[in-house]
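*Asks:* Dropping a structure here in C-alpha cells format, bear with me for questions.
The values are calculated or read from the model by the stated rules, or taken from the named source; none is laboratory data. Just so you know, these numbers come straight off a predicted model, no measurement behind them. Counting neighbours? That spans all protein chains shown, and the Cβs are built from the backbone with ideal geometry, glycine included.
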Amino acid sequence: MTKKMSTHQAEEDQRNEEILIYLNGDIVPKVEARVSVYDSGFMLGDGVWEGLRLYNGTWAFIDAHLDRLFEAAKAIDLDIGMDQDSVKNAVLETQKANGMTTDAHARLMVTRGVKTRPFQHPSLSQQGPTMAIIMEHSRPNLPRPIKLATVPHIRGLPMTQDPKLNSHSKLNCIIACVAAEKAGADEALMLDVNGFVNTTNACNFFIVRKGEVWTSTGDYCMNGITRQKVIDLCRENGIPVFERNYSLVDTYGAEEAFLTGTFGAQTPVGDIDGRQIGSGEMGPVTKRIRSLYKALIEQECA
C-alpha cells in the first residue's frame with residue numbers, strides 16, 4: 001500500500017523540540033506556550049492566521065501576508081492591537097531567538113482572546129487578542145507526487161464562511177481531508193458550488209492542458225499568495241494562464257496538475273480519483289514554473 005502523505009509533509013528535525021514560541025509579547029519555550037481553554041480560538045475557532053516561509057534569512061512576501069492578515073482581521077472585526085510593523089518585528093524577534101536562517105516555516109495566529117464565559121458572543125472576549133507565532137525548522141519532504149480524491153464537501157460560500165478568510169475554523173477542510181484519506185488519497189479535491197473544480201483542502205489547484213495553465217476563477221477558493229505569484233509569473237513569461245471554470249472531465253484529461261501553497265511552493269499531483277495525470281510525475285510546464293518561482297524567491301530573499 002502506498003504510504004499516505006500530505007502537502008505539508010516535512011523532514012523530521014529534532015531542533016523543533018527546543019523551539020521558542022512567541023505568545024502575547026513574550027518568547028517562551030515550546031513546553032511553556034500555553035493558551036487558556038477559554039480562548040476564543042480554542043473554544044470557537046474565532047481567529048485568523050498566516051503561514052510564512054523563510055528563505056536565506058528573509059520571510060518571502062511577508063508584507064503581502066501581513067496585508068492579508070490585517071484584511072482578514074478587519075473583516076471579522078478583530079482588533080489585533082498591533083500595527084503591521086510591530087507584527088513584523090515580532091516575527092523577526094522570534095526568528096532571531098530561534099537562530100533560524102533558512103528552511104523555516106512560521107504560523108502566525110491571532111484570536112479574539114480569552115472569554116469571560118464559554119459562549120459565542122464576541123463581547124465576551126474582553127481581555128484583548130491572543131497572538132502566537134509558532135516557528136519550526138521545516139524542509140518539505142515529498143518522495144512522490146500527491147494523490148487526490150474528489151469529495152462532496154465544498155468550500156464555504158462568501159455569505160457563510162468566505163474561503164478567502166484564513167480562519168481558524170477549518171473543520172470543513174478537515175472533514176474533506178478525512179474523506180479523501182478514506183478513499184485512499186493523500187488530500188481532497190474540492191469542487192465549487194456550481195460543480196466546477198476549485199481547490200484542495202489545503203492548497204490551491206492548477207492543471208495544464210495543451211501547454212495552457214488553468215486554475216479556478218478564484219471566486220470560491222483561498223486568496224493564495226503563491227497562487228497569485230504563479231499566475232503573475234506565467235503572464236510575465238509567455239505561459240498562457242487562465243482563471244476559469246472547468247470540470248472534472250477537463251481535469252482527468254490534463255497533462256499535468258500541481259498545487260500551490262506557502263509551504264510546498266509547487267507540489268506535483270500524479271493521480272486524481274485513481275486516474276493517472278499525464279506521466280504521473282512532475283511535467284515540463286510545472287518544472288518551468290518551479291524554476292521561475294525559485295528565481296523569484298532568490299530575488300525576493302537575496
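*Asks:* Restricting attention to segment 126-144, which residues are crowded, with 20+ Cβ neighbours inside 10 Å and within 19 Å of Thr116 (Cβ to Cβ)?
*Replies:* Pro129, Thr130
*Asks:* Confirm whether Lys88 is farther than 30 Å from Val269 by Cα and surrounded by fewer than 13 Cβ atoms within 10 Å (Cβ to Cβ).
*Replies:* Details: farther than 30 Å from Val269 by Cα: yes; surrounded by fewer than 13 Cβ atoms within 10 Å (Cβ to Cβ): no.
The answer is no for Lys88.
*Asks:* Regarding Asp46, is this residue on the phi < 0 side of the Ramachandran plot and surrounded by 14 or more Cβ atoms within 10 Å (Cβ to Cβ)? Before you say what the answer is, go through the steps one by one.
*Replies:* Working: on the phi < 0 side of the Ramachandran plot: yes; surrounded by 14 or more Cβ atoms within 10 Å (Cβ to Cβ): yes.
In short, yes.
*Asks:* Quick one: how many residues across segment 181-196 are without any contact (Cβ under 8 Å) to a residue 60 or more places away in the chain and crowded, with 24+ Cβ neighbours inside 10 Å?
*Replies:* Residues meeting the conditions: 2.
*Asks:* How many residues, within segment 34-49, are free of Cβ contacts under 8 Å to residues at least 40 places away in the same chain and among the charged types (D, E, K, R)?
*Replies:* Here the count works out to 1.
*Asks:* Condition first: small (Gly, Ala, Ser), part of a loop (DSSP other than H, G, I, E, B) and at pLDDT 95 or above. Can you find one or more residues in segment 90-103 that meet it? Can you show your working first?
*Replies:* Here is the first cut: in segment 90-103, the ones small (Gly, Ala, Ser) are 90, 97, 99.
From what's left, part of a loop (DSSP other than H, G, I, E, B): 99.
This time we only want the ones that are at pLDDT 95 or above, so: 99.
Scanning segment 90-103 turns up at least one residue that is small (Gly, Ala, Ser), part of a loop (DSSP other than H, G, I, E, B) and at pLDDT 95 or above.
*Asks:* Hey, another quick one. Give me a count of the residues in segment 249-302 that are closer than 15 Å to Ala185 by Cα and of a type in the set (Asp, Glu).
*Replies:* Result for segment 249-302: 2.
*Asks:* Which one is nearest to the chain's Cα centre (by Cα), of the residues in segment 145-185 that are closer than 20 Å to Thr251 by Cβ and of a type in the set (Gly, Ala, Ser)?
*Replies:* Among those residues, the one meeting the criterion is Ala176.
*Asks:* Can you tell me which residues in segment 254-286 are surrounded by fewer than 15 Cβ atoms within 10 Å (Cβ to Cβ) and either touching a His at 6+ places or on another chain (Cβ under 7 Å) or part of a helix (DSSP H, G or I) (or both)?
*Replies:* Within segment 254-286, Pro284 is the sole residue that qualifies.
*Asks:* Given Ala75, Ala64, Ala90, which one is small (Gly, Ala, Ser), closer than 12 Å to Ile133 by Cβ and touching a residue at least 40 places away in the same chain (Cβ under 8 Å)? Break it down into steps so the answer makes sense when it comes.
*Replies:* On the way: Ala75 fails: closer than 12 Å to Ile133 by Cβ; Ala64 fails: closer than 12 Å to Ile133 by Cβ.
Ala90 is the lone residue from the list that is small (Gly, Ala, Ser), closer than 12 Å to Ile133 by Cβ and touching a residue at least 40 places away in the same chain (Cβ under 8 Å).
*Asks:* Check segment 50-57 and report whether any residue there is touching a residue at least 60 places away in the same chain (Cβ under 8 Å), aromatic (Phe, Trp, Tyr) and more than 25 Å from Pro118 (Cβ to Cβ).
*Replies:* Yes, because at least one residue in segment 50-57 is touching a residue at least 60 places away in the same chain (Cβ under 8 Å), aromatic (Phe, Trp, Tyr) and more than 25 Å from Pro118 (Cβ to Cβ).
*Asks:* Any idea which of (1) touching a strand residue (DSSP E or B) at 6+ places or on another chain (Cβ under 9 Å); (2) surrounded by fewer than 14 Cβ atoms within 10 Å (Cβ to Cβ) is the one Glu236 doesn't satisfy?
*Replies:* (1)
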